[in-house]
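*Asks:* Let me give you the structure first, and then I'll get to my questions.
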Amino acid sequence: MTDTVFEKELDALFGSSAVFDPGALAAHSIDRSGWEPDGAPTALVFAESTEQVSELLALATRHRVPVVTRGAGTGLSGGAVARNGEVVLSLERMNAILEISELDQVARAQAGVVTAEIDDAAARVGLRYAPDPGSVGISTIGGNIATNAGGLRCAKYGVTKDSVLGLEVVLADGRVVRTGRRTVKGVAGYDLTSLLVGSEGTLGVITEATLRLRPAPASTDTVSAYFPSITAAAAAASAITAAGLQPAVCELLDGVCLRALDAAEGTRLSARGEAFLLVQTDGPGSSSEARLIEKILRPLSGDVEISEDAATADALVRVRRGALPALERLGRVLIEDVAVPRSQLSAMTDEIGRIAADHDATVATMAHAGDGNLHPIFVVDSGSVVPPHVWAAAGDVFQAALRLGGTLTGEHGVGLLKKQWLGQEIDENVGGLLHGIKTVFDPLGILNPGKAI
């Protein structure tokens, strides 16, 4: 039931697309980060067009009402959490792929499109959308852009920003702007597209993206190996990089992940080792590159396999993608995200093991080992809040990453969860610049307030 002037105007403007039901508000005010929001938002609006997004933001500006934008709600940093007095703007109904151009090798898609659907559409004309986050089957392209998501193929193809050519964005006051272009090159003006990628909804609402596609690889080869420890597996991943090789995929799972997979799938992966390394090569030279990687791994692992069979390769990739769902069967998970220089990957895995022991915490580690991005995953009892000792352990993980020359977040974003540590990575001069940029785009501070900076 609406009772304020703003809510009455919202109801009149959007009708049934404006929702005030407490159950719906609660469901759309959280993400997967483990962060507990304070209270519940005022309203939820399901936008179906850029024009509707513009109308909502213009109304919110007039009434000084904060707006939190979300897609599928799969965020892991508290970036899509909505609190008292805020309005949730859902883009899940803006889910059309507007164009796949085989000639220009670009796609245009609305922000609410599930990312895997873009890759599937590109595949039908022999192309690929290269970024491949672990949540590719459930997360939206708008959310991926908002956090600059990485993924399994980022070792070779880069993160989301490397595939975003242009954006349609609604500014805080309702103005609609387009940044970038559909050309691969372009340096006219400041690069606002790159600025908006990773901005976590604090500078504008991304409603449409022009994305770079790439030719689908002619062949793919897969190498898998088991190791006695995650430190040994991390060292092996670093050895691949040191040899000047650039696989498309280089993924790492520790023994906690393997045992969870065994319990969930009835496999015996953990009997083969305490860590699993999955490496994929692609393109015309994939077979020879895979053989070189196998040669590097043989002295380091007693259990190495190489496969050119697509079905076997798919099964191995499913092992990697299945790790998080398997861990979620054990309890509630707090999924963290740090990155270190690739030369420090082994040192960081050692630090995570030490921190887990010091805090008596259950921690599983998976990693995009090809670019030094680790995901320490804290497992706690189902239905419980994240206890203080686990948050303390997470803080120690962040500190360790910074000591090793790394970052608090490689791809999940800062959100609310990591703000208290942000000042240790970004000094006050840079912080001042960030806040100045925020003020230019959002002078009233209504876009996803309190997040990211």
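Each reported figure results from applying straightforward, stated rules to the coordinates on display, with no laboratory input. What you are looking at is a predicted structure, and each value in this text was computed from that prediction instead of being measured. Cβ: placed from backbone, ideal geometry, glycine included. Neighbour counts: every protein chain shown.
*Asks:* Could you calculate the FRET efficiency of Arg354 with Ser49 from 1/(1 + (r/R0)^6), where r is the beta carbon distance between them and R0 is 45 Å, rounded to 0.05?
*Replies:* 0.30
*Asks:* When the expected Rg is taken as 2.2 N^0.38 Å, what fraction or multiple of it is the alpha-carbon Rg of region 220-403?
*Replies:* Here the answer is 1.01, to two decimals.
*Asks:* First measure r as the distance between the Cβ atoms of Lys295 and Ser219, then evaluate 1/(1 + (r/R0)^6) with R0 = 25 Å and state the FRET efficiency to the nearest 0.05.
*Replies:* E(calc), rounded to 0.05, equals 0.85.
*Asks:* Here is a follow-up. Using the 10 angstrom Cβ neighbour count as an exposure proxy, how do His435, His389 rank, fewest first?
*Replies:* Final ranking by Cβ density, sparse to dense: His435, His389.
*Asks:* Could I ask something else about it? How large is the charge dipole for region 97-215, taken about the Cα centre, if only the Cβ atoms of Lys, Arg (+1) and Asp, Glu (-1) carry charge, to the nearest 20 debye?
*Replies:* Charge dipole of region 97-215: 340 debye, to the nearest 20.
*Asks:* To the nearest 20 Debye, how big is the dipole of the chain about its Cα centre, given +1 on the beta carbon of each Lys and Arg and -1 on that of each Asp and Glu?
*Replies:* 660 debye
*Asks:* For the chain, what does -39500 (n - 2.57) per DSSP helix run (n ≥ 4), summed and divided by total residues, give at 222 nm, in deg cm²/dmol to the nearest 500?
*Replies:* When only DSSP H runs of four or more count, the value is -10500 deg cm²/dmol.
*Asks:* Per 20 Å bin, what is the whole-percent P(r) computed from every C-alpha pair distance within the chain?
*Replies:* 25, 56, 18, 1
*Asks:* What is the distance, in nm, between label points placed 7 Å from the Cα along the Cα-to-Cβ direction at Ala264 and at Ala242?
*Replies:* 3.3 nm
*Asks:* Here is a further query. Please report, to one decimal in angstroms, the Kirkwood hydrodynamic radius of region 97-215 built from all distinct Cα-Cα pairs.
*Replies:* Hydrodynamic radius (Kirkwood, Cα pairs) of region 97-215 is 14.0 Å.
*Asks:* Identify, among Leu402, Leu416, Ala392, the residue whose Cα sits farthest towards the positive end of the charge dipole of region 347-427, taking +1 on the Cβ of Lys and Arg and -1 on the Cβ of Asp and Glu, with the dipole about the Cα centre.
*Replies:* Leu416
*Asks:* Now for a different question. What are the equivalent ellipsoid semi-axes of region 295-406, built from the alpha-carbon gyration tensor (square roots of five times its eigenvalues), in whole angstrom, biggest first?
*Replies:* Taking √(5λ) for each Cα gyration eigenvalue gives 27, 20, 11 Å.
*Asks:* Further question on the same structure: In nm, give the distance between the simple-model label positions of Leu434 and Arg64, each being 7 Å from the Cα along the Cα-to-Cβ direction.
*Replies:* A separation of 2.6 nm, rounded to one decimal place.
*Asks:* Under unit Cβ charges (Lys, Arg +1; Asp, Glu -1), what dipole magnitude, rounded to 20 debye, does region 162-219 have relative to its Cα centre?
*Replies:* It works out to roughly 320 debye.
*Asks:* I would also like to ask the following. Pairs Lys8/Lys161; Lys161/Lys418; Lys8/Lys419: which exceed 28 Å Cα-Cα?
*Replies:* As for pairs spanning more than 28 Å Cα to Cα, those are Lys8/Lys161; Lys8/Lys419.
*Asks:* Got a sec to turn the phi values of region 361-376 into Karplus ³J(HN,Hα) couplings, 6.51 cos²θ - 1.76 cosθ + 1.60 with θ = phi - 60°, whole Hz, x for Gly and Pro?
*Replies:* Each residue of region 361-376 in turn: 10, 8, 10, 9, 10, 10, 8, 7, 5, x, 10, x, 9, 10, 10, x Hz.
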